[in-house]
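What follows is one structure encoded as structure tokens, with my remarks underneath.
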Amino acid sequence: MANKNHFTADEWSAVRDAPQVVALAVALSGASGITGTIKETFSSSLAMVEGTKSDNELIRSFCAREEVQAAQVALKASLSQLEAISFAAMKEKLAALALTRVREAMTAVRAKAADDVAAYQGFLKALGERVANAAKEGGFLGIGGERVSEGERTMLASLAEALGAAA
């Protein structure tokens with residue numbers, strides 16, 4: 001099993017950053033309001049904590065506290081470039097960034113850690129699904145709405161494609 005030492009700095013950045021960008025892109029692809037966004041954020045944080053206990057060394061490596069913090073710093077730097085655009089345009093750019101990082105990460109994992117491809121794909125797919133399912137979209141005061149919105153379904157399908165997995 002691979003860890004940070006198996007990758008170049010750029011490759012590791014892609015592998016490490018992809019989960020953070022995916023979680024945010026999925027969360028923003030829906031319209032769950034402030035309460036839902038908090039639930040979605042909490043669910044992605046919980047997934048990363050659970051990742052520190054994974055049987056897979058690669059997953060444990062990018063879920064380590066210092067790596068999550070580094071990924072958050074990188075994400076913040078990426079987001080600072082999007083501040084001057086509309087929310088809709090920001091969501092679109094963030095989705096594109098997430099898919100680009102996933103493709104870069106998958107290229108690196110396939111090249112340097114072939115035995116970890118399925119585990120990495122599975123982690124990112126499960127993370128996206130977990131965030132999408134964390135809160136209902138639409139409805140009023142928790143009544144009605146749907147568990148996974150159309151925007152989230154579209155993002156999850158794009159994520160599956162970027163991972164090289166069936167939607």
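The values are calculated or read from the model by the stated rules, or taken from the named source; none is laboratory data. A quick note: this is a predicted structure, and the numbers were derived from the prediction, not measured. Areas reflect the complete protein model, heavy atoms only, side chains present, ligands, DNA and RNA absent. Shrake-Rupley method; radii C 1.70, N 1.55, O 1.52, S 1.80 Å.
Side notes on the structure shown:
- If you take the Cα centroid of segment 49-81 and the Cα centroid of segment 84-102, the two points sit 19 Å apart.
- Sum of -39500 (n - 2.57) over DSSP H runs of 4+, divided by residues of the chain (222 nm, nearest 500): -24000 deg cm²/dmol
- Element breakdown for the chain at a 1.4 angstrom probe: carbon and sulfur atoms account for 57% of the accessible area.
- Computed from Cα positions, the angle between helix 87-112 and the longest principal axis of the chain comes to roughly 20 degrees.
- Solvent-accessible area of residue 4 with every protein chain in place, 1.4 Å probe, in Å² to the nearest 10: 100
- Counting only protein heavy atoms and a 1.4 Å probe, the chain has 52 square angstrom of accessible area per residue.
- Computed lengthening from residue 88 to residue 161, 0.36 nm per intervening residue step minus Cα-Cα distance: 24.0 nm
- Compared with the alpha-carbon gap, the fully stretched path from residue 53 to residue 112 is longer by 19.0 nm at 0.36 nm per residue.
- Lysine-lysine proximity count for the chain, Cα under 21 Å, sequence distance 8 or more or distinct chains: 15
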